[in-house]
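> Dumping the structure here so I can ask a few things about it.
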Amino acid sequence: MIIINRIAFKPYKIQSYKKQQQYPISSIDIIKARDVWEQSNKGQGVVVAIIDTGVDTTHPDLIDKIIGGYNFSSDDGGNKKIYIDYNGHGTHVAGIIAAESKEMGVLGVAPNCKLLILKILNRFGTGSYHGLISALQYIKKWRGPKGEKVQVINLSLGGPIHKDELYTVIKELHTLGIVIVAAAGNEGDGLSTTEEISFPGFYKETLSVGSVNQQLAPSIFSESHLNIDFVAPGEGILSTHLNGEYVELNGTSMATPHVSGATALALQLIKPCTPPLIPAQVKYYFTKNALKLDFPISLVGNGLIQLK
């Protein structure tokens, strides 16, 4: 997770991969995404906004997924039309949600959804609360070329301070029926008895996502608190990166887009009612299908996200 407050992004682990053959992200099977692809049409028609470091706009696995974008960062002289990723974090997140390659590459959770790229973090992974709030405000008025609206927001970032203005816009978006998925944070110590808090992931209007390893145990770095909603795979996650490459990353940043992609699928599986109730519908669907884990709720919430 990238922390907003003048601190650079530091991944837990990076391992580069060369293109050889198609690399399915095995974690999509852990959450049973493929099991509902046919019924959900792989998230077709859903727009997911990614607020992050931008995206590699020429990556072959993502090039057809981007519906629009806007730059709120200091990169490229602040040019609003250039939302290219110079860090890699946002590109990795985007791949977990929506990557699709017919020959070589990786597969995301919801490969038919579209991505709105809102860049608030510069090449060093540095951003501000003002940039985050501006991006969230932008989402309220954004419309796609065919009148599309954002239905899901991915926030693989956070900061240590509560801001009234941030919480206000989070509540407004929640009332509009937008599902906000936020990282729990990477400052954990592995103990359920201590509490580490990052915003906006601590707000109850978000789906707060922690990380588990391949053995489905809580990741040592995953923050713990009583507002954790679900956990998802967050270690050794292979996804898209800069210059058309692929890397493995660890973090709640990687767990969060699994839930954002799952939300894109779930929105096609449930019958959404009035907008203010849609986030609750999605949370109920996930709670009903979650795999219960034998760990304290402060570490794993309602359990491992699963789609059936």
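The values are calculated or read from the model by the stated rules, or taken from the named source; none is laboratory data. Not measured: the values here are computed from a predicted model. Every residue, glycine among them, receives a Cβ derived from its backbone with ideal geometry; neighbour counts consider all protein chains shown.
> Give the residues of the range 130-168 that are of a type outside the set (V, I, T), surrounded by fewer than 18 Cβ atoms within 10 Å (Cβ to Cβ) and assigned to a helix (DSSP H, G or I), sorted by residue number.
Those that are of a type outside the set (V, I, T), surrounded by fewer than 18 Cβ atoms within 10 Å (Cβ to Cβ) and assigned to a helix (DSSP H, G or I): H130, S134, Q137, Y138, K140, K141, D164, E165, Y167.
> Among the residues of the range 116-129, are any touching a residue at least 60 places away in the same chain (Cβ under 8 Å), more than 27 Å from S40 (Cβ to Cβ) and in a helix (DSSP H, G or I)?
yes
> Another one. What pairs come up if the first residue lies in the range 69-85 and is more than 21 Å from P145 (Cβ to Cβ), the second is among the charged types (D, E, K, R) and buried (at least 20 other Cβ atoms within 10 Å of the Cβ), and their beta carbons are under 6 Å apart, counting only those six or more places apart or on different chains?
Going by the 6 Å Cβ cut-off, the qualifying pairs are S73/K119; D85/D56.
> Further question: Among the numbered conditions (1) over 29 Å from K308 (Cβ atoms); (2) hydrophobic (A, V, I, L, M, F, W, C); (3) surrounded by 18 or more Cβ atoms within 10 Å (Cβ to Cβ); (4) at pLDDT below 95, tell me where F72 comes up short.
With (1) over 29 Å from K308 (Cβ atoms); (2) hydrophobic (A, V, I, L, M, F, W, C); (3) surrounded by 18 or more Cβ atoms within 10 Å (Cβ to Cβ); (4) at pLDDT below 95 applied to F72, the lone miss is (4).
> Looking at L304, L242, L299, can you tell me which residue is among the hydrophobic types (A, V, I, L, M, F, W, C), in contact with a Ser or Thr (Cβ under 8 Å, 6 or more places away or on another chain) and within 26 Å of K171 (Cα to Cα)?
Matching residue, one of L304, L242, L299: L299.
> Test Q306 against the stated conditions and say whether it is outside any helix (DSSP H, G or I), surrounded by fewer than 18 Cβ atoms within 10 Å (Cβ to Cβ) and either more than 15 Å from the chain's Cα centre (by Cα) or not basic (K, R) (or both).
Values: outside any helix (DSSP H, G or I): yes; surrounded by fewer than 18 Cβ atoms within 10 Å (Cβ to Cβ): no; either more than 15 Å from the chain's Cα centre (by Cα) or not basic (K, R) (or both): yes.
Spelling it out, it is not the case that Q306 is outside any helix (DSSP H, G or I), surrounded by fewer than 18 Cβ atoms within 10 Å (Cβ to Cβ) and either more than 15 Å from the chain's Cα centre (by Cα) or not basic (K, R) (or both).
> Could you count how many residues in the range 261-272 are surrounded by fewer than 17 Cβ atoms within 10 Å (Cβ to Cβ) and part of a helix (DSSP H, G or I)?
We begin by selecting, within the range 261-272, every residue surrounded by fewer than 17 Cβ atoms within 10 Å (Cβ to Cβ); these are 269-272.
Still in the running and part of a helix (DSSP H, G or I): 269.
The total comes to 1.
> Give me the residue from the range 169-199 that is within 17 Å of V282 (Cβ to Cβ) and out of contact with any Leu (no Cβ under 8 Å at 6 or more places or on another chain) and, out of that set, surrounded by the most Cβ atoms within 10 Å (Cβ to Cβ).
Selected residue: I178.
> Going residue by residue through the range 173-190, is there one that turns out to be under 25 Å from L267 (Cα atoms) and more than 18 Å from the chain's Cα centre (by Cα)?
yes
> List the residue pairs whose Cβ atoms are under 6 Å apart, where the first residue sits in the range 280-308 and is under 16 Å from K32 (Cβ atoms), the second is in a loop (DSSP other than H, G, I, E, B) and of a type in the set (V, I, T), and the two are 6 or more positions apart or on different chains.
Between residues of the range 280-308 that are under 16 Å from K32 (Cβ atoms) and residues that are in a loop (DSSP other than H, G, I, E, B) and of a type in the set (V, I, T), the close pairs are Y285/I270; F286/I305; I305/I31; Q306/I31.
> While we're looking at this one, here's another question. So in the range 42-81, with the set limited to residues that are outside any loop (DSSP other than H, G, I, E, B) and more than 20 Å from the chain's Cα centre (by Cα), which one is nearest to R123 (Cα to Cα)?
D75
> If you go through the range 82-102 one residue at a time, how many are of a type in the set (A, V, I, L, M, F, W, C), outside any loop (DSSP other than H, G, I, E, B) and within 17 Å of the chain's Cα centre (by Cα)?
Counting residues in the range 82-102 that are of a type in the set (A, V, I, L, M, F, W, C), outside any loop (DSSP other than H, G, I, E, B) and within 17 Å of the chain's Cα centre (by Cα) gives 5.
Results for (1) surrounded by 21 or more Cβ atoms within 10 Å (Cβ to Cβ); (2) over 20 Å from H59 (Cβ atoms); (3) at pLDDT 95 or above, shown as yes or no for each residue.
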{"residue": "V247", "(1), (2), (3)": "no, no, no"}
{"residue": "T256", "(1), (2), (3)": "yes, no, yes"}
{"residue": "V259", "(1), (2), (3)": "yes, yes, yes"}
{"residue": "T274", "(1), (2), (3)": "no, yes, no"}
{"residue": "Y284", "(1), (2), (3)": "no, yes, yes"}
{"residue": "T287", "(1), (2), (3)": "no, yes, yes"}
